[in-house]
Amino acid sequence: MSGDQSGSLRRKLGGCSIPMEKIEKKNNLQVTFSKRRAGLFKKASELCTLTGAEAGVVVFSPADNAHSFGHPNINSITDKLLSPKNIDIGNQWREGRDLARIRQSELDSLARVEARLAAEKVRGGAGEV
């Protein structure tokens, strides 16, 4: 029976959550990074397999080493991301965002002018009555 009790105790402890905070001990930090990296890359691989998506993940370890995953491979993903076609799309998006900000600024200015005109009409209308 003691074997069953220790097994159930072990299962209960496995479900405990630990607080989310930075790991200070360098050795523990590296081990955790390695395990989490493997899990992250596995999830990215599953996503690509199940959906047919192309994905790329680049992470830097605490020792400042780069680790990457890419499906079909990281080079094809980065080439696609950095292609002139996609850069142009990014520029168009930025230009559109900038135009939207300018338009919003102009609309805000127009609203302020209209508010001043309305206030002046109220003041002028009160004096005329």
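Sort out which residues of the stretch 54-81 are part of a loop (DSSP other than H, G, I, E, B), free of Cβ contacts under 8 Å to residues at least 12 places away in the same chain and surrounded by fewer than 12 Cβ atoms within 10 Å (Cβ to Cβ), and write them in order of number.
64, 65
Restricting to the stretch 82-118, name every residue that is among the charged types (D, E, K, R), modelled with pLDDT of 85 or more and open to solvent by 90 Å² or more (accessible area, probe 1.4 Å).
101, 103, 106, 112, 114, 116
When residues of the stretch 32-53 are filtered for being surrounded by 13 or more Cβ atoms within 10 Å (Cβ to Cβ) and among the β-branched types (Val, Ile, Thr), how many remain?
1
The values are calculated or read from the model by the stated rules, or taken from the named source; none is laboratory data. Bear in mind that the values here come from a model prediction, so they are computed numbers and not experimental data. Cβ coordinates were reconstructed from backbone atoms using ideal geometry, including for glycine residues, and neighbour counts include every protein chain displayed. Areas reflect the complete protein model, heavy atoms only, side chains present, ligands, DNA and RNA absent. Shrake-Rupley method; radii C 1.70, N 1.55, O 1.52, S 1.80 Å.
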